[in-house]
Amino acid sequence: MKCILNTGRTVPQGAYVEHKGSDAYRSVASAGFLNPVDMMMLGIEDGDRIRVTTPAGHIVLTARPAEGVARDEIFVAIGPYANHVISSETHGTGMPDFKSQSADVEPTKEPLKSVGELMEALGGLHYDRT
Amino acid sequence: MTELWVKNACVIDPIRGINGEIMDIAIRDGRIVESVSDRADVIDAQRCLTLPGGIDSHTHVSGTKVNFGRYMSPEDMRAGRTKRKGKMHVTSGYYVPTTFGNSYRYSAMGYTTLLEGAMAPLEARHTHEEFTATPHQDMMANTLFDGNWAVMDAVREKDIRKTAAVVAWTLKAARGYGIKLTNPGGTEAWGFGEDLTGIHEMVPHFAVTPAEIITTMIRANELLKLPHSVHLHCNNLGKPGNYQTTLETFDIVPDLNPARQTLYATHVQFHAYGGGTWKNISSKAEEITRSVNIKPQIVMDMGQIMFGRTMTMTADGPMEFNLHCLHHNKWSNHDVELETGSGIIPVTYSKKSAVNCIMWAIGLELALLTKNPYQCLLETDNPNGAPFVKYPEIIGLLMSKRYRDEECATLATGVEQRTSLFALERELDWHDIAVMTRAGQAKALGIVNQGKGHLGIGAEADIAIYPIRTDSVDPAREYRKVVEGFQKTRYTIKRGRVVSREGEIIVDGANATFWVDAKVPEDLKMENDPEFIKRFEQFYTVRMSNYPVQDVYLPRGRRIETEVFT
Amino acid sequence: MIEHDVVCPFCGCLCDDLELETEEGKIVKVQNGCALAESTFMNDVRLPAPIRRTETGWEDISYTEAIKETAEILQGADRPLLYGWSSTHVEAQSIGVHIAELIGAVIDNTSTVCHGPSILAIQEVGHPGCTLGQVKNRADVIIYWGCNPVEAHPRHMSRYTTYATGFFVPNAQLERTVIVVDTRRTDTAGIADEFVQIEHGGDYAVLSALRAIVRGKTSVIPAKIAGVSKEQLIRIVEICKTAKFGAIFFGLGLTMSRGKYKNIRNAIELTDELNRHTKFVISPLRGHGNVYGSNEVFTWMTGYPFAVDFARGIAFYNPGETTAVDILRRGECDAALIVASDPGANFPRDAAAHLAKIPTVIIDPHVNATTALSRIHIPCTAAGIDAAGTAYRMDGVPIRLKKVIDRGYMDDAEILKKIYDHLNGGKGP
Amino acid sequence: MRVILESKVRAKPNLPIEAEAIIPRNFLKGTDLIVYEGNKERTLSEMFWIFVEGTAVSPENIEVILKGDTSRIKRVGEYMDTGSIVIEGDIGMHCGNFMSGGTIEIRGNADSWLGREMRGGTILCRGNASHYCATGYRGEKKGMQGGKVEVFGNTGDFCAEYLAGGTVHIHGSAGDFPGVEMRGGELIIEGDATRPCGNMKSGSCVILGTVHDMLPTFEKSGRRVLPEWKITADVYKGDVANRGKGTLCVRSE
């Protein structure tokens, strides 16, 4: 499904923002909110995994239904999951397209990555001693 | 112990009655003393003009509004950029320079003390943070009360003591220096997009008039024995015909203090317009100065404009919006809850505009028509009329009829008939200029006894030595030398240390902030007044306990305590 | 022990009415705060000591060693980037600017990926605004455009707008009309008297249409603009023009969607136009607790609110060129110092990935996504929890953050001061 | 006289170079010029192989040719007033800032802010130009004020923002918001454009391709034949969100 990737702040994302290694953070930041009709069209249920692909890359998220999300839109809390597929083009303004990245959403069985794994994919090394 | 000996100085020190004597100045640990040991560092002033450090009694250099002027002006920051060099930090900006830019340029011009013209108490912390980054001048902040709800309530109750109590509490909370009224009542009306048009018009919802606010605040100010008088930006700024409001205002000012004025009227140029529209605007400087010349209780400053691009910024929000509707450039507005307003727009004063030419002429007329230079101080309401770096040009204009004539010849047509400037022969002398740039300010601000504005024994050793030989320069003819001479001191000495030499800053600054702790009787302490506390907690958006500025924001605070009144 | 009137440092609301209960140097209870405040104070897990990445893993190092190595990294760089600053106090931010000026770095703060476009718009047309108390005491019309305070600024509506009792608005809920404009039907939209659902990227066109209608050019406007009916827009203009005091708050829905700062410019010009009829103000809902403070400090010290490049000695500013995401995307910088922020999580992937390719140091109380991309992580105090200092609220009101407890960490201002001293041959700023 | 500058291989090729010294006039006195790489000062010869052919007595006869990887070199031709510069490959940002005379030809692509605040002279870009082609500086009310910028490929977003004078001619397509805040001058886009001329005050814009997301605040005032483009165009006045009196001509369907 072709759609617009929209991102924004949410209370749970904010509450766990200083606990990025936690399961709670992973669960709030990796949720992809879709209009229930779109979920039906994709043949997926609440909690199923989806793969979101953009020119910048791809990411696996957990699909969650949300009535408030428009058709052909996917909403993800700001954070490393959304950013894994957002282009760094800023149109000369310094600001990337955090709210208007075009994306392709499809069902997948691939596993969800942790924040540490995402950072390792960028060349980092996860620190896990706290 | 550090000692400095300035020899061969040609001193003009109006407060001590010294006018061009060649003398030596001894300095120990930041103060002027009788004599120093032979180990003292020596500066040979070579008979150059030596004055007490310059004092700006009305400038906008720090705080929310000034910083917003910078924030919205990247185009101005491209002007005046300098690199880090020695002790000097990077600077940017011409009409709204960075804090270091302001401080270095003032210092290069020999200025050592500044009064920030407008500080909203709620945002006072910001002003004080910028003061610490304006290191080469001692600072003080006029505190805004023009739309203060608690003040207006007390004024409505005709309660001078209560008014004084609110002022005292607020000044202390804001670490402020004196009372500033900007378009009194008008800034509250602007809260709902309205303005007032005269001093006897009621402030909506508060049932007081500007006249009542002004007179009650004057009496409260004197009851509190504040060092400075009420500092007023009159109503109706910048409107053709507004001179009548200004005269009416002057007429209600009593003469209450033998030591200084009872009212400081700021940037009067903007308040001295005749006519009724921009088309027939004219100068009413003669009427204004006629009033001031017979009212020793009033001191004003010029509010001179100079041609070029600059930024207007004032607590007078409605005036800025009106100006914006004329200019269609960018406009910022920032109203402060329960206290005041503010507005900012960039302007260009052009010689092609007859209105601008008349404004330019009025400022000069005010200075030339005021008999006593202590009653008309040299300011541009920086940066509203012009950035302060233009002061030397203004000095040149005041000292030279020839310079004025040359400038007048380049103005738009139709100006001559609407001002008296072209006919004025007066040329101010060095002593007049010394009064209008330091002695007058020190007296008006009430800081002579803090050791400011003079070079007597015990005074703070703030000294400016200009590369000007008054015995050989004829300012009337050689006005360019005057202008150049005042642009860059040979030495600026701040509290006994040479801070700037030939325009270059050579040490880190260590300024002080003066503030007034006005004492009130125990029963008038607002922090114990349940009604005041209740209203505060209800309508402000910060808690009362988080409102006062902590001492940590004034690392070198100088508290001036007043006597408690009865 | 109960601490009263504590300031929450989390978001730009800087609510200053929290009550904190502490026991033996630990915070045990937070009252009056929202969920974000509670989590900020109660759930504060820190990195215990400085760490350094090795070939195979992570090792603990001393503060002295971490500071010295950081200084060496910065000293050797041809284009260092100093980024973050928005979750710490003004005192640390000031030293950051001095470091940047000393070493010819680019310094940028998090507004670059937040309200940077709002700043660009303000630089074009100015900003008619006010402190939040003006809105609380006066506003009878509130517009939330492209923002979701229920989620991002949970107490904004109860402290300053919809539900706040004001002097001229004693019955807030009855007397205030709330309009919400968004692409999503958010929880904020749920409480609106009027909800305007806009198609993605349609904000600019809708704002233009509103301006034209305010100016009496209604006939030019087509029947539907970006999914919004002309009738609804006419109705909204009527509500605005007859308001006694209107306030527009906007968020990332305007700054981040296509057109970026032009959307905000258009919203400001609408506000300007409405001021010819009544009183109207507009304000960005700023995110990080002290992001506005970083703008203020950068401005008074350098002249520019963010994205300042000192490479040539003077301060140069050009968002799109000197902004952190662009500098990382182009792979320009060869060292980075991150302070009080998490670009690893908040920057697009290629920008974040460059941090792992260069020596990156992060100074932050918490382990975050950027930790993994860094060579060194130096933990420090958290402003407003175990460090005091100034923060600027979203409306420019400066508030002193309190030190509520002591956890034995070094203040980031102190760490930065030591780095500065190293770089400046032992002399302070 | 011809000055050929061929870029040398650099240890850190991504570092930007600022080279406002590269304007024809400066080579009258030799090639002893300073450029900046990151925060370091460099001599021209550290960054380029320099070849000088012939001599010149006046700057208008000087041609500067840049070869090699020049895509990270900024501010080439800044304040240029005469002579010519030819860039064989791509050029970095701010090429031709404040230019008042002479000619710059870019055979490859140009990065953002090509011809920023230009006053006169000609810039030809054979490839694409990125964002903010022929515009102004942040906060300034006037962008390009004179001269001509011609781009044979496409441009990015905000092309000709705040255009106040001169001509901008794009043979390909423009991105989002070409001609936004226009105050004067002439903008021609032969290809497509999205949301052209938002908030325009004055000046004229012609678009021969397809307009996406036409703004609702332009008032259609008729049709006109444009002989120089051999088309019939719908003529709009605007932007009426503002007090705009600009003209926007879009090829009729």
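The values are calculated or read from the model by the stated rules, or taken from the named source; none is laboratory data. None of the values given here were measured: they were computed from a predicted structure. Neighbour counts run over all protein chains shown; Cβ positions are idealised from the backbone, glycine included.
What residue, among those in the range C:171-187 that are of a type outside the set (D, E, K, R) and modelled with pLDDT of 95 or more, is farthest from the chain's Cα centre (by Cα)? Quick ask: steps written out before the conclusion?
Residues of the range C:171-187 that are of a type outside the set (D, E, K, R), as a first pass: C:171-174, C:177-181, C:183, C:186.
Retained after the next criterion (residues that are modelled with pLDDT of 95 or more): C:177-181.
On the way: C:Thr177: 27, C:Val178: 24, C:Ile179: 23, C:Val180: 21, C:Val181: 21 Å.
Filtering first and then ranking leaves C:Thr177.
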Six or more apart or on different chains, Cβ atoms under 6 Å: show the pairs whose first residue is in the range B:383-395 and β-branched (Val, Ile, Thr) and whose second is assigned to a helix (DSSP H, G or I).
B:Val389/B:Arg105; B:Ile395/B:Ile433; B:Ile395/B:Phe486
Enumeration of residues in the range C:284-320 that are in contact (Cβ under 8 Å) with a residue 40 or more places away in the chain and either among the β-branched types (Val, Ile, Thr) or farther than 27 Å from A:Ser88 by Cα (or both):
C:Val291, C:Val297, C:Met301, C:Thr302, C:Val308, C:Gly313
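Could you identify the single residue in B:Thr489, B:Thr541 that is within 14 Å of chain C (Cβ to nearest Cβ) and not in a strand (DSSP E or B)? Spell out how you get there, then give the answer.
On the way: B:Thr489 fails: within 14 Å of chain C (Cβ to nearest Cβ).
Only one candidate qualifies: B:Thr541.
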Quick one: which of D:Pro227, D:Pro196 is free of Cβ contacts under 8 Å to residues at least 12 places away in the same chain and not aromatic (Phe, Trp, Tyr)?
D:Pro227
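Which is more than 13 Å from chain C (Cβ to nearest Cβ), closer than 21 Å to C:Ala345 by Cβ, surrounded by fewer than 18 Cβ atoms within 10 Å (Cβ to Cβ) and more than 11 Å from the chain's Cα centre (by Cα), of A:Asp46, A:Asp23? Full working, then the answer.
Values: A:Asp46 fails: closer than 21 Å to C:Ala345 by Cβ.
That would be A:Asp23, the only listed residue that is more than 13 Å from chain C (Cβ to nearest Cβ), closer than 21 Å to C:Ala345 by Cβ, surrounded by fewer than 18 Cβ atoms within 10 Å (Cβ to Cβ) and more than 11 Å from the chain's Cα centre (by Cα).
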The condition from (1) more than 8 Å from every other protein chain (Cβ to nearest Cβ); (2) among the hydroxyl-bearing types (Ser, Thr, Tyr); (3) under 25 Å from the mean Cα position of the chain (by Cα); (4) outside any strand (DSSP E or B) that C:Tyr83 misses is numbered (4)
Among what's in the range B:53-93 and is at the interface with chain C (Cβ under 7 Å from one of its Cβ atoms) and in a helix (DSSP H, G or I), pick the residue that is farthest from B:Thr310 (Cα to Cα).
B:Thr64
Residues that are closer than 20 Å to C:Glu332 by Cβ: which strands (runs of 3 or more DSSP E) entirely in the range D:1-110 hold 3 or more of them?
D:34-37, D:40-43
Conditions (1) surrounded by 16 or more Cβ atoms within 10 Å (Cβ to Cβ); (2) over 28 Å from C:Glu101 (Cα atoms); (3) among the aliphatic types (A, V, I, L, M): number failed by D:Val52:
(1)
Per the filter on the range B:322-354, residues without any contact (Cβ under 8 Å) to a residue 60 or more places away in the chain, within 8 Å of another protein chain (Cβ to nearest Cβ) and under 18 Å from B:Thr64 (Cα atoms) are B:Trp331, B:Asn333, B:Ile345
Evaluate the range D:205-221: report whether one residue or more is part of a loop (DSSP other than H, G, I, E, B), over 21 Å from A:Asp97 (Cα atoms), within 14 Å of chain C (Cβ to nearest Cβ) and within 20 Å of the chain's Cα centre (by Cα).
no
By residue number, the members of the range C:372-415 that are crowded, with 24+ Cβ neighbours inside 10 Å and either without any contact (Cβ under 8 Å) to a residue 12 or more places away in the chain or over 21 Å from the mean Cα position of the chain (by Cα) (or both) are C:Ala372, C:Leu373, C:Ser374, C:His377, C:Ile378, C:Pro379, C:Ile415
Matching residues, the range A:49-77, being in a loop (DSSP other than H, G, I, E, B) and away from chain C (no Cβ under 13 Å):
none
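Taking the range C:296-337 as the search range and keeping residues that are under 17 Å from C:Gln123 (Cβ atoms) and more than 7 Å from every other protein chain (Cβ to nearest Cβ), which one is surrounded by the fewest Cβ atoms within 10 Å (Cβ to Cβ)? Give the steps one after another, and end with the answer.
So the first thing to find is which residues in the range C:296-337 are under 17 Å from C:Gln123 (Cβ atoms), and the list is C:296, C:298-300, C:302-309, C:315-323.
Still in the running and more than 7 Å from every other protein chain (Cβ to nearest Cβ): C:298, C:306, C:308-309, C:316, C:322.
Values: C:Phe298: 30, C:Phe306: 29, C:Val308: 28, C:Asp309: 26, C:Phe316: 23, C:Thr322: 25.
Only one residue tops the list, namely C:Phe316.
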Restricting to the range D:222-244, and then to whatever is at pLDDT 95 or above and within 13 Å of chain C (Cβ to nearest Cβ), can you tell me which residue is surrounded by the fewest Cβ atoms within 10 Å (Cβ to Cβ)?
D:Lys237
Any idea which residue in the range C:271-303 is nearest to C:Arg138 (Cα to Cα), counting only those that are touching a helix residue (DSSP H, G or I) at 6+ places or on another chain (Cβ under 6 Å) and part of a loop (DSSP other than H, G, I, E, B)?
C:His277
Residue, surrounded by the fewest Cβ atoms within 10 Å (Cβ to Cβ), within the range A:51-69, restricted to residues that are more than 8 Å from A:Leu34 (Cα to Cα) and small (Gly, Ala, Ser)
A:Gly57
When you look at C:Ser62, is it of a type in the set (Ser, Thr, Tyr), in contact (Cβ under 8 Å) with a residue 24 or more places away in the chain and outside the structural domain of C:Thr271 (by TED's automatic domain parsing), yes or no?
no
Is it the case that the range B:130-153 has a residue that's farther than 30 Å from B:His454 by Cα, free of Cβ contacts under 8 Å to residues at least 60 places away in the same chain, outside the structural domain of B:Tyr553 (by TED's automatic domain parsing) and not small (Gly, Ala, Ser)?
yes
The range C:338-363 - residue that is touching a residue at least 40 places away in the same chain (Cβ under 8 Å) and at the interface with chain A (Cβ under 7 Å from one of its Cβ atoms) and, of those, surrounded by the most Cβ atoms within 10 Å (Cβ to Cβ)
C:Phe347
Looking at C:Ile179 and the list (1) within 14 Å of chain A (Cβ to nearest Cβ); (2) on the phi < 0 side of the Ramachandran plot, which single condition is not satisfied?
(1)
Just one of the numbered conditions (1) in a loop (DSSP other than H, G, I, E, B); (2) of a type in the set (A, V, I, L, M); (3) facing another protein chain (nearest Cβ under 7 Å); (4) out of contact with any Phe, Trp or Tyr (no Cβ under 7 Å at 6 or more places or on another chain) is not true of C:Val367; which one?
(4)
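Condition check: more than 8 Å from chain C (Cβ to nearest Cβ) and of a type in the set (A, V, I, L, M). Does A:Met95 satisfy that?
Details: more than 8 Å from chain C (Cβ to nearest Cβ): no; of a type in the set (A, V, I, L, M): yes.
It is false that A:Met95 is more than 8 Å from chain C (Cβ to nearest Cβ) and of a type in the set (A, V, I, L, M).
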Can you name every residue in the range A:114-128 that is surrounded by fewer than 20 Cβ atoms within 10 Å (Cβ to Cβ), of a type outside the set (A, V, I, L, M) and either at the interface with another protein chain (Cβ under 7 Å from one of its Cβ atoms) or assigned to a helix (DSSP H, G or I) (or both)?
A:Glu117, A:Glu120, A:Gly123, A:His126
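For the subset of the range C:120-153 comprising residues that are facing another protein chain (nearest Cβ under 7 Å) and β-branched (Val, Ile, Thr), which member is nearest to C:Cys8 (Cα to Cα)?
Start the filter on the range C:120-153 by keeping residues that are facing another protein chain (nearest Cβ under 7 Å), which leaves C:120, C:122-134, C:136-138, C:148, C:151-152.
Next cut, β-branched (Val, Ile, Thr) only: C:122, C:125, C:131.
Numbers: C:Ile122: 27, C:Val125: 32, C:Thr131: 18 Å.
My answer is C:Thr131.
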Flag for C:Thr88 being hydroxyl-bearing (Ser, Thr, Tyr) and within 9 Å of another protein chain (Cβ to nearest Cβ)
no
